[in-house]
């Protein structure tokens, strides 16, 4: 094996340092992007939930109206049937 002198060890150290620096930079960049994507996903889910709440309220209002109309219809049927029996 060849003996490494001080300059060669210095070059190896610089390369290792640059590689480690690059890894740290990429990690910070990717983590910040991941945080941004997480925030966007949370906002999107919140928006869908608000949309679903509005849809649920409209659905409940329609069901209430249908029930009211059904009650009125049943009342009228009862009046009609009650009139025929007398």
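What fraction of the Cα pairs in segment 8-86, stated in percent, has a spacing above 14 angstrom?
So the pairs more than 14 Å apart make up 81 percent of the total in segment 8-86.
Nearest 10 degrees, 0 to 90: what angle lies between the long axis of helix 6-85 and the longest principal axis of the chain (Cα atoms)?
Value to nearest ten degrees: 0.
Summing -39500 (n - 2.57) over the DSSP H runs of n ≥ 4 in the chain and dividing by its residue number, what mean residue ellipticity at 222 nm do you reach, to the nearest 500 deg cm²/dmol?
Per the formula, -35500 deg cm²/dmol.
Could you give the distance between the Cα centres of segment 1-47 and segment 57-77, to the whole Å?
Segment 1-47 and segment 57-77 have Cα centres separated by 63 Å.
Coordinate-derived values only; no laboratory data. Worth saying up front: this structure is predicted, and the values here are computed from it rather than measured.
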